[in-house]
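The values are calculated or read from the model by the stated rules, or taken from the named source; none is laboratory data. Predicted, not measured: the structure shown is a model, and the values here were computed from it. For neighbour counting, all protein chains shown are included, and Cβ atoms are generated from backbone atoms with ideal geometry for every residue, glycine included. Just the protein is used for accessible areas: all its heavy atoms, side chains included, with ligands, DNA and RNA removed. Shrake-Rupley method; radii C 1.70, N 1.55, O 1.52, S 1.80 Å.
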Amino acid sequence: MSTKLRATTRYLFLEQLKQLGQGYLALLVIFVILPLLVALVTGNITNFNLLKTVGNFSLGAFLALFLFILNVTTYDVFKLLIQNGIARRTYWAARVICLVVLSVLGEAIVGLYYYGVYAPMHNLTTQRALSQTAYSLYADFLGKNLAVNLLAGAVFSIILYILIGTAGMLIGSFLALFSKWVQWLIIIILPFAGFSLLMVGISNVSGYSNYDFSGVEAFFKFLIGYPQNATAGLFNPTVPTITLLLLSAVMAALAYYCSQHLKIKQ
């Protein structure tokens, strides 16, 4: 790792770590401190359950949203670093490294909270709690060894976070190529296009369309590791894991391509 890459990575990581801490603090204030103050002011403090409130956080969803938004916001950091002599390739590489490290660190925090606070508060065994995560379809594939399943679930979640972060990186880098009004035009048009495709799919499932999506359905089952007549928990995680890694790599590469064409706007 070159000196510039190390320095850039350290700078970005410390800034992003600070932002993550501020985000968790804001989550605590909004969902714990403010309700507590309202309960005190209104005289309903006896009905306020602090443990239940803390035990209902969705730190995993917050981390995913944080990583997406963090990586969508591209231009300002790009402009700062480029004006200080940092190459586009160095900037991109530092962002990828920070994304991976934050995903691992964030999953450690989420895992400790989920299995140490959320699961006991909801009377869930560790295995039962694992079956309610994104890894639920594969929770029993590796057998009954809980430690192995927890590790596999954590790795799967980390890859998901990286995928979400690289998606944000690609979207942010792509939008940064355009002016503000073109960006808003793209943001408005794309949801309509996606909604139209969704309606086509729904009409097909409902029997109101002549389109044949059986091939798409079979391909989707292959991607999620669905073996014939298998029950949830026994799906094969190999294909979905490889697919998520490949998608992450492709989106990171496309983000790199876009970053090579970013220019400082006056």
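Can you tell me which residue among Leu25, Leu17 is at negative phi and surrounded by 13 or more Cβ atoms within 10 Å (Cβ to Cβ)? Full working, then the answer.
Numbers: Leu25 fails: surrounded by 13 or more Cβ atoms within 10 Å (Cβ to Cβ).
Going through Leu25, Leu17 in turn, the sole match is Leu17.
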Phe62 being farther than 23 Å from Gly153 by Cβ and touching a helix residue (DSSP H, G or I) at 6+ places or on another chain (Cβ under 8 Å):
no
Pairs under 7 Å by beta carbon, first residue free of Cβ contacts under 8 Å to residues at least 24 places away in the same chain and of a type in the set (Gly, Ala, Ser) in the stretch 14-27, partner surrounded by 15 or more Cβ atoms within 10 Å (Cβ to Cβ) and part of a helix (DSSP H, G or I), six or more apart or different chains?
none
Do the conditions hold for Phe156, that is, is it in contact (Cβ under 8 Å) with a residue 24 or more places away in the chain, touching a Phe, Trp or Tyr at 6+ places or on another chain (Cβ under 6 Å) and either closer than 15 Å to Gly60 by Cα or open to solvent by 20 Å² or more (accessible area, probe 1.4 Å) (or both)?
yes
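Before we move on, is Leu177 under 30 Å from Ala255 (Cβ atoms), out of contact with any Lys or Arg (no Cβ under 8 Å at 6 or more places or on another chain) and in a helix (DSSP H, G or I)? Let's see the steps before the verdict.
Numbers: under 30 Å from Ala255 (Cβ atoms): yes; out of contact with any Lys or Arg (no Cβ under 8 Å at 6 or more places or on another chain): yes; in a helix (DSSP H, G or I): no.
Considered against the rule, which asks whether it is under 30 Å from Ala255 (Cβ atoms), out of contact with any Lys or Arg (no Cβ under 8 Å at 6 or more places or on another chain) and in a helix (DSSP H, G or I), Leu177 comes out as no.
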